[in-house]
Amino acid sequence: MERRGLAGSKTPEAGSSAAVVKPTETTHEILEQPMVYEDPFEVSVKYMEKHNILQIFQKITEKLVYEKPDDPLQFMLLQVQSMMNARQAEMEGTLEENKDAEVFLEEVLCTPFSPY
């Protein structure tokens, strides 16, 4: 036996074997935040400023023009490697300085204080 629902459509009778789909989290579409448009030029400028790209190229170009090597690509490669080594040494120096400071503080803080 069929029942007629709103607008005359057929609906299954109560107790029939038709499955009733209940909305769940998996059937709902997850709404994402809309992407904010960022001007590609501005993104590029921020990146270049953050990483000092212009200064790096300027330094390499100055040395290149001054020294005028026979193999400019090899010269630029060596300049970049030199910059990377200097940065690594600086980072290691900073780590060493931090270790020295920690040792100093530990010695100062752990040494008993005597007024005279």
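The values are calculated or read from the model by the stated rules, or taken from the named source; none is laboratory data. From a predicted model like this one, the values you see are computed outputs, not experimental measurements. Neighbour counts are summed over all protein chains in view; Cβ atoms, including those assigned to glycine, are modelled from backbone coordinates with ideal geometry.
Matching residues to (1) assigned to a helix (DSSP H, G or I); (2) surrounded by 10 or more Cβ atoms within 10 Å (Cβ to Cβ); (3) at pLDDT below 70:
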position: LEU73; (1), (2), (3): yes, no, no
position: MET76; (1), (2), (3): yes, yes, no
position: MET83; (1), (2), (3): yes, yes, no
position: ARG87; (1), (2), (3): yes, yes, no
position: GLU92; (1), (2), (3): yes, yes, no
position: GLU107; (1), (2), (3): yes, no, yes
position: SER114; (1), (2), (3): no, no, yes
(request) Evaluate the following for ILE56: is it touching a helix residue (DSSP H, G or I) at 6+ places or on another chain (Cβ under 6 Å) and at pLDDT 55 or above? (result) no
